[in-house]
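Below you'll find the structure, written out as structure tokens, and then a few comments.
The values are calculated or read from the model by the stated rules, or taken from the named source; none is laboratory data. What you see is a predicted model, and the numbers here were worked out from it, not measured in a lab. All Cβ positions, even for glycine, are placed from backbone atoms using ideal geometry, and neighbour counts span all protein chains on display.
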Amino acid sequence: MRIAFFSSQPYDRLYFDEANTSRGHELHYFEPRLTAATSPLAAGFPAVCAFVNDRLDREVLTALAAGGTRVIALRSAGFNHVDLPAALDLGLNVVRVPAYSPYAVAEHTVALILTLNRKIYRAYARVREGNFALDGLI
């Protein structure tokens, strides 16, 4: 199956190409976000893989369906950026990541709390400017 990846980064290509070695899908990567202006890039692709910042409103979904897309795979657990009623009306199947690791979410939360508590960004900005004073950081 031909799959168009939007909002793709170099690490996406690395991991998806590796996962695809035994499956034989034809993967095409596009750096731009999926919008009404970039949706023609997906013409002829039965599947589109979108990220959280891609815009999947009725206008974009209509263009995708007209271009032959049947499946939209989201690289995110959230789907609030997709017009699901429009996708249903157009006969598009939307699939997503069912969940993220609760441990990873908890670790990220703790890291953010520590960053705030230890004033990491303020310290980083000072060091970048050559200021190694501890005033206001302790």
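Descriptive notes on the structure:
- Any hit, segment 48-60, residues being surrounded by 14 or more Cβ atoms within 10 Å (Cβ to Cβ), farther than 15 Å from R75 by Cβ, under 18 Å from the mean Cα position of the chain (by Cα) and hydrophobic (A, V, I, L, M, F, W, C): yes
- The strands (runs of 3 or more DSSP E) falling completely within segment 27-138 include none with 2 or more residues that are farther than 25 Å from Y15 by Cα and not assigned by TED's automatic domain parsing to the domain that holds L14.
- For segment 98-110, the condition of being charged (D, E, K, R) and surrounded by 15 or more Cβ atoms within 10 Å (Cβ to Cβ) holds for none of the residues.
- The lone exception for R58 - which of (1) charged (D, E, K, R); (2) in contact with a strand residue (DSSP E or B) (Cβ under 9 Å, 6 or more places away or on another chain); (3) at pLDDT 95 or above it fails: (2)
- For segment 77-109, filtering for residues that are charged (D, E, K, R) and touching a Phe, Trp or Tyr at 6+ places or on another chain (Cβ under 9 Å) leaves 1.
- Qualifying positions in segment 1-31 - touching a residue at least 40 places away in the same chain (Cβ under 8 Å) and either over 18 Å from H81 (Cβ atoms) or touching a His at 6+ places or on another chain (Cβ under 8 Å) (or both): M1, R2, I3, A4, F5
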